[in-house]
Every structure is written in C-alpha cells, then in structure tokens.
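Right, one structure below, let's go through it.
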Amino acid sequence: MKELLQLYAAHNAWANLLLTDTVKQLPAETINQEMQSSFPSIFKTVLHLLDAESMWWQRIKLQEHIERPSEHFTGNFVELQKKLLQQSAQYEQWVAAANEFQLQHVFAYQRSKTEQCKQPIAETLLHIFNHGSFHRGQLVTLLRQAGVAKIPSTDFSTYYRQRKNHQSAKK
C-alpha cells in the first residue's frame, strides 16, 4: 500500500505543478474570468484544491480547529501556486516517511457540526489524490474555455511513463 500511495502522492504534486505552471502563464484577467464549472474561475478552482488538501492535512494531523485557507487568502496566483505546491509536497514527504501502522491508523474527524467520521489515513490519502485528479480535469476544461491550446497531460499513465524513462536514463 505504501508504494502505491507514494506514487499517487508524487503524481499529485507533479500534476499540480504542471497545470499551475500552465495557468501561471495566463493574464490575471483570464485566471479570474468567470466561467461555468463547479467553481466559477480557474483561480477559485485552484484555491479549492488548496482548501481540500490543507483541510484534510489538518484533520490527519488531528488539529482541533480546521482552517480553510480561502477564508484568509488574499494573494495572487503565483502565491496560490506556491501554497498548493508546498501542501502537495508535505503529503509526498509524509507518505515517504510513514510506516504501515501510520498509513492504516484510523483517525476521527468532524465532517460537519453533527457528523463524526472515522477512517484509515490510507483511504483518506486515496480520496485526496482522487479529488485532485477530478478538479484538475475541471481545470483542463476551464483552460480550454479560456482558449489555451497547449495543455499538458496530467494522467497518471503519463506521469508513470515519464518516471520510468527518467529512472532508465539514470542507469
């Protein structure tokens, strides 16, 4: 399980970097332009990715009061990208250092004022990385709506092939 989670954590960080580097090349007006999607702009979609990764991190770390970064974030897209990539790197580092007991540890968290939940950290990590893939797919659609023609593939298979090729080149 750990090896798979390490791959997913690395893919998540890689895919977030690829797409946010693409977004970073756009003018601020395009990044903030209102469009049809789950979140009304490219900026707000990336901000949601940060919210989700950060809030789950806080839950895993058993913080009592969960803070939503979007409630206080006032920076530009470059600052948003930096925060998201730092959060993604935290997951990658944590999974690399975790043992099987830590991955299978069942933690409790409060989903809402009335709903208490429990689940293993490994399941939570799979949810986080899958959630990121879902919203990166939405970002691709938003980028196409914005007229961006060259959008990098963030598929897991693309990541895995590049990783294998990079490892082969090192040998």
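Evaluate the following for Phe156: is it farther than 18 Å from Lys24 by Cβ, out of contact with any Asp or Glu (no Cβ under 6 Å at 6 or more places or on another chain), modelled with pLDDT of 95 or more and of a type in the set (Phe, Trp, Tyr)?
no
Please determine whether any residue of region 113-123 is modelled with pLDDT under 95 and either acidic (Asp, Glu) or within 19 Å of the chain's Cα centre (by Cα) (or both).
Yes; the residues of region 113-123 include at least one that is modelled with pLDDT under 95 and either acidic (Asp, Glu) or within 19 Å of the chain's Cα centre (by Cα) (or both).
Would you be able to tell me the number of residues in region 1-39 that are over 14 Å from Leu126 (Cα atoms), surrounded by fewer than 22 Cβ atoms within 10 Å (Cβ to Cβ) and either small (Gly, Ala, Ser) or touching a strand residue (DSSP E or B) at 6+ places or on another chain (Cβ under 8 Å) (or both)?
3
What is the number of the single condition among (1) modelled with pLDDT of 95 or more; (2) more than 15 Å from the chain's Cα centre (by Cα) that Ser38 does not meet?
Tallying (1) modelled with pLDDT of 95 or more; (2) more than 15 Å from the chain's Cα centre (by Cα), Ser38 fails exactly one: (1).
Quickly run through region 144-168 and pick out the residues that are assigned to a helix (DSSP H, G or I) and touching a helix residue (DSSP H, G or I) at 6+ places or on another chain (Cβ under 7 Å). Outline the logic, then answer.
Filtering region 144-168 for residues assigned to a helix (DSSP H, G or I) gives 144-145, 156-168.
Selection gives Phe156, Tyr159.
Criterion first (farther than 22 Å from Met35 by Cβ, open to solvent by less than 90 Å² (accessible area, probe 1.4 Å) and of a type in the set (S, T, N, Q)) does Thr141 satisfy it?
Working: farther than 22 Å from Met35 by Cβ: no; open to solvent by less than 90 Å² (accessible area, probe 1.4 Å): yes; of a type in the set (S, T, N, Q): yes.
Criteria not met by Thr141.
Please state which of the following conditions Asn130 fails to meet, knowing it meets all the rest: (1) surrounded by 14 or more Cβ atoms within 10 Å (Cβ to Cβ); (2) within 24 Å of Leu103 (Cβ to Cβ).
Result: Asn130 passes all but (1).
Please count how many residues of region 62-115 are over 16 Å from Ile128 (Cβ atoms) and surrounded by 16 or more Cβ atoms within 10 Å (Cβ to Cβ).
So the count comes out to 3.
Taking the residues in region 145-171 that are open to solvent by less than 70 Å² (accessible area, probe 1.4 Å) and small (Gly, Ala, Ser) as candidates, determine which candidate is farthest from Thr22 (Cα to Cα).
Ser157
The values are calculated or read from the model by the stated rules, or taken from the named source; none is laboratory data. Note that this is a predicted model, so its numbers are computed, not measured. We place every Cβ from the backbone using ideal geometry, glycine too, and count neighbours over all the protein chains shown. Accessible surface is based on the protein model in full, side chains and every heavy atom, while ligands, DNA and RNA are left aside. Shrake-Rupley method; radii C 1.70, N 1.55, O 1.52, S 1.80 Å.
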